[in-house]
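Peer 1: One structure is given below, represented as structure tokens, and several questions about it will come after.
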Amino acid sequence: MTASVKKLAKRIAIASGLETANLLRAAGVMRGARGLGAIFTLHHVRPHEETTFEPNAHLEITPEFLDLVLDRLKSDGYRFVALAEIPTLLSQTGSSQPFAAFTLDDGYRNNLVYALPIFEKYEAPFTVFVAKGLAERTHTIWWETLAALLRKEEKLGFDFGSGHEMLDVTTTDAKERVFARITNHLHRHDESAAVAAIDLVARKHEIDPDEIVDDLVMTPAELNLLEASPLVSLGAHTISHRAMSRLSDPEVRDEMEASRDYVAAITGNRPSSFAYPYGTREAATQRQAAIAREVGFNIAVTTQPGVVTQRSLGSITYLPRLSINGLYQNVRYVSGLASGIPFRFIPDSA
């Protein structure tokens with residue numbers, strides 16, 4: 001079975017599960033599963049430009065789909081709240097109306113151009129998490145660089161630690177396997193060194209990683225323009241966008257404090273929120289959540305799936321989020337996910 005067929009089978013299974021969850025939600029089954037509300041995570045919001053190889057397609061949705069999502073959640077009875085309100089909401093009792101908070105990671109320019117007008121249409125607050133290294137152009141976006149490299153070439157060399165290898169990436173399946181292999185290598189070894197190696201190979205093939213960042217990510221002036229909207233808050237997202245769990249405690253603290261201070265310099269106010277890069281169980285743990293509290297964040301979010309419940313108050317710097325995933329741009333799936341029903345069948349879900 002090819003990598004493409006396996007991915008398709010997985011997508012079909014997930015879509016079927018979300019369809020079932022939505023049907024159960026509509027039938028009024030398991031009403032308590034939705035908890036008190038949900039925090040949604042997005043990355044890119046932009047018109048889709050189809051290419052032959054799209055390993056990061058899950059990280060982007062169209063503006064039209066975002067509009068449908070907000071309309072659907074409003075119809076489902078959600079009230080839109082700012083992320084910073086959630087600690088207070090969790091300490092209160094009595095409200096039966098679920099809340100929805102929206103977050104966008106990495107500070108992409110399309111958040112300003114395409115997402116802001118839609119959030120304004122629905123008067124929905126949202127938080128954009130800023131990585132200082134991307135905004136200041138001192139760091140690169142390896143997953144975008146790697147995608148561009150694999151789209152362009154049919155053969156490339158890479159050293160996984162055992163010497164230089166020539167990789168055949170002629171077919172889409174081969175490109176997907178190599179993308180996954182390099183990604184796995186990066187998450188198991190020194191991340192900074194792996195990113196530098198990807199950038200070096202890209203430059204050898206006349207792809208400029210710095211230019212990719214400049215094309216995609218907002219400058220400080222643009223972040224300031226975005227933050228001028230009363231609906232927008234900026235949160236911290238480290239300097240280097242490295243997995244926090246693989247850094248020493250002093251490095252974690254430095255990354256958190258420097259990104260906090262950077263956002264404060266842009267906005268004039270210290271941010272109350274933080275998002276862990278990648279945000280998976282492997283990339284962020286309760287140890288980093290404790291440091292986030294010590295640094296002074298009132299709320300911090302992972303990308304681990306789940307809805308927000310009364311119990312979440314005890315893990316306020318380690319909250320789950322629901323991904324509005326570009327591979328599943330169907331509002332029924334969003335309703336099914338937000339219902340919380342899928343997480344009743346996942347052990348240890350929040």
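Peer 1: Give the residues of the stretch 268-289 that are in contact (Cβ under 8 Å) with a residue 12 or more places away in the chain, open to solvent by 30 Å² or more (accessible area, probe 1.4 Å) and either out of contact with any Phe, Trp or Tyr (no Cβ under 7 Å at 6 or more places or on another chain) or more than 15 Å from residue 258 (Cα to Cα) (or both), sorted by residue number.
Peer 2: Matches in the stretch 268-289: 270, 278, 280, 281, 282, 285, 286, 287.
Peer 1: A further question follows. So is residue 29 in contact with a Phe, Trp or Tyr (Cβ under 7 Å, 6 or more places away or on another chain) and among the β-branched types (Val, Ile, Thr) or not?
Peer 2: Working: in contact with a Phe, Trp or Tyr (Cβ under 7 Å, 6 or more places away or on another chain): no; among the β-branched types (Val, Ile, Thr): yes.
No; evaluated as a whole, the condition is false for this residue.
Peer 1: Residues being on the phi > 0 side of the Ramachandran plot and at pLDDT below 95: count how many of those fall in the stretch 297-350. Full working, then the answer.
Peer 2: Pass one, the stretch 297-350, residues on the phi > 0 side of the Ramachandran plot: 306, 340, 348.
If we keep only those that are at pLDDT below 95 as well, we get 340, 348.
The number of residues fulfilling the criteria is 2.
Peer 1: Picking from 280, 267, which residue would you name as being under 17 Å from the mean Cα position of the chain (by Cα) and of a type in the set (Ser, Thr, Tyr)?
Peer 2: 280
Peer 1: Here's something else I'd like to know. Taking interchain pairs and intrachain pairs at least six residues apart, which have beta carbon atoms under 7 angstrom, with the first residue in the stretch 295-313 and over 15 Å from residue 337 (Cα atoms) and among the hydrophobic types (A, V, I, L, M, F, W, C) and the second open to solvent by less than 70 Å² (accessible area, probe 1.4 Å) and modelled with pLDDT under 95?
Peer 2: 313/90
Peer 1: Moving to a separate point now. Please indicate, with yes or no, whether at least one residue in the stretch 12-30 is touching a residue at least 40 places away in the same chain (Cβ under 8 Å), open to solvent by 70 Å² or more (accessible area, probe 1.4 Å) and within 23 Å of residue 176 (Cα to Cα).
Peer 2: no
Peer 1: What is the one condition in (1) within 30 Å of residue 236 (Cβ to Cβ); (2) open to solvent by 30 Å² or more (accessible area, probe 1.4 Å) that residue 49 does not satisfy?
Peer 2: (1) is the only condition that residue 49 fails.
Peer 1: List, please: which pairs have Cβ atoms under 6 Å, are six or more places apart or on different chains, and start with a residue in the stretch 37-65 that is of a type in the set (Lys, Arg) and end with one that is open to solvent by 30 Å² or more (accessible area, probe 1.4 Å) and modelled with pLDDT of 95 or more?
Peer 2: Here the result reads 46/114, each pair linking the stretch 37-65 to a residue that is open to solvent by 30 Å² or more (accessible area, probe 1.4 Å) and modelled with pLDDT of 95 or more.
Peer 1: Something else about it: Taking residue 225 as meeting all but one of (1) open to solvent by less than 70 Å² (accessible area, probe 1.4 Å); (2) aliphatic (A, V, I, L, M); (3) within 23 Å of residue 275 (Cα to Cα), write down the number of the exception.
Peer 2: That leaves (1) as the condition not met.
Peer 1: Take the residues in the stretch 302-326 that are part of a loop (DSSP other than H, G, I, E, B) and among the hydroxyl-bearing types (Ser, Thr, Tyr), then tell me which one is surrounded by the most Cβ atoms within 10 Å (Cβ to Cβ).
Peer 2: My answer is 302.
The values are calculated or read from the model by the stated rules, or taken from the named source; none is laboratory data. If you're wondering where the values come from, they're calculated on a predicted model, not measured in any experiment. When we count neighbours, we look across all protein chains shown, and the Cβ atoms used for this are built from the backbone with ideal geometry, even at glycine. These area figures cover heavy atoms from the full protein model, side chains too; ligands, DNA and RNA do not enter into them. Shrake-Rupley method; radii C 1.70, N 1.55, O 1.52, S 1.80 Å.
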